[in-house]
Amino acid sequence: MEIIIQSDSQAGDAVAARMIAGLIRRKPDAVLGLATGSTPLGLYRELVRMHREEGLDFSRVTTFNLDEYIGLAPDHPQSYRRFMFENLFNHINSPVERIHIPDGMTDDVPAFCEAYEQAIRDAGGIDLQVLGIGTDGHVGFNEPSSSLASRTRIKTLTRQTLSDNARFFENPDEQPHHVITMGIGTIMESRQVVMLAFGANKAEAVSRTVEGPVCAMMPASVLQFHSKAHLILDDASAAGLAKADYYRWVYANKPDWQRH
Ligand code: F6R
């Protein structure tokens with residue numbers, strides 16, 4: 001894993017946006033995996049800026065989102081479809097037919113999940129997957145104890161995730177307990193992974209992901225098996241890392257030809 005520690009989330013967003021923009025410039029028909037939640041908001045703002053000011057072109061880019069709440073209509077204020085359009089797709093030139101977000105209203109979840117996996121394969125696989133991390137170590141909505149080989153499917157959220165995300169729901173009765181999420185096996189097939197984690201509340205999950213054992217109780221730790229995973233942190237989320245000085249030194253001394 002490449003551990004990139006920046007002083008704050010804004011600097012981290014800029015590193016992640018440069019990686020994504022570099023990929024799109026090298027491969028204009030790149031396939032991106034995208035996340036929602038608070039963490040990627042700054043990254044999406046930076047990508048929108050690059051589109052407006054630098055002409056970053058999304059017209060041939062295909063996207064697959066990680067997850068969606070079951071039972072929320074696409075226009076529900078808390079649906080991840082709405083989140084993605086409000087925070088990214090309405091502001092860039094992504095053709096709607098290239099945007100894929102799990103359908104939380106499907107009446108056949110297993111068939112939908114199989115079709116989603118097939119659509120990813122048909123697109124040639126994901127070139128770069130953006131991830132956040134839950135305070136309990138989830139990636140996508142693969143909660144602790146998820147199979148490390150899992151595919152897109154229904155999951156039940158833990159109490160911890162429900163309480164972390166309760167802030168988004170004015171009416172607690174509207175907060176779904178079930179989601180459709182890409183599996184850990186699906187995520188691991190992405191050719192490159194960029195995980196963002198900012199803030200002190202992520203420090204424990206980050207240290208267990210990077211320096212703990214790989215285990216299903218800390219799903220993000222599986223990234224230790226990914227050959228091209230980058231973790232972009234701020235000082236606060238990196239605070240629990242025993243080898244933080246080493247990671248900082250490695251990144252500061254990265255040869256120019258290796259820079260993003
Ligand atoms: C969202 C997702 C989740 C979030 C995680 C962190 O699509 O897959 O894994 O990345 O719950 O959420 P925030 O960023 O709100 O702390």
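Just a few scattered comments:
- Answer from GLY124, GLY104 - the residue that is assigned to a loop (DSSP other than H, G, I, E, B) and under 15 Å from MET188 (Cα atoms): GLY124
- When residues of segment 1-41 are limited to those that are more than 16 Å from the chain's Cα centre (by Cα) and within 16 Å of the ligand (Cβ to nearest atom), the one farthest from ILE120 (Cα to Cα): ASP8
- Filtering segment 45-74 to residues that are surrounded by fewer than 19 Cβ atoms within 10 Å (Cβ to Cβ) and of a type in the set (S, T, N, Q) leaves only SER59.
- Within segment 6-30, being crowded, with 20+ Cβ neighbours inside 10 Å, in contact with a helix residue (DSSP H, G or I) (Cβ under 8 Å, 6 or more places away or on another chain) and hydrophobic (A, V, I, L, M, F, W, C) holds for ALA16, ALA17, ILE20, ALA30.
- The strands (runs of 3 or more DSSP E) found entirely in segment 27-80 that carry 2 or more residues being in contact (Cβ under 8 Å) with a residue 40 or more places away in the chain and in contact with a His (Cβ under 9 Å, 6 or more places away or on another chain) are 62-65.
- Residue match in segment 58-65 (condition: more than 16 Å from the ligand (Cβ to nearest atom) and within 17 Å of GLU86 (Cβ to Cβ)): yes
- Verdict on HIS91 being buried (at least 18 other Cβ atoms within 10 Å of the Cβ) and touching a helix residue (DSSP H, G or I) at 6+ places or on another chain (Cβ under 9 Å): no
- Total residues in segment 96-149 satisfying the condition of being under 19 Å from LYS228 (Cβ atoms), within 16 Å of the ligand (Cβ to nearest atom) and of a type in the set (D, E, K, R): the figure is 0.
- Taken over segment 56-98, the criterion of being closer than 30 Å to PRO172 by Cβ and among the β-branched types (Val, Ile, Thr) is satisfied by ILE70 alone.
- If the condition is being part of a strand (DSSP E or B) and touching a residue at least 60 places away in the same chain (Cβ under 8 Å), then segment 140-153 contributes only ASN142.
- Given (1) more than 16 Å from the ligand (Cβ to nearest atom); (2) closer than 20 Å to ALA123 by Cα, index of the condition MET50 fails: (2)
- Of note, ASN93 does not satisfy the criterion of being of a type outside the set (Phe, Trp, Tyr) and under 29 Å from THR158 (Cα atoms).
Rule-based calculations on the coordinates, nothing more; no lab input. A quick note: this is a predicted structure, and the numbers were derived from the prediction, not measured. Every residue, glycine among them, receives a Cβ derived from its backbone with ideal geometry; neighbour counts consider all protein chains shown.
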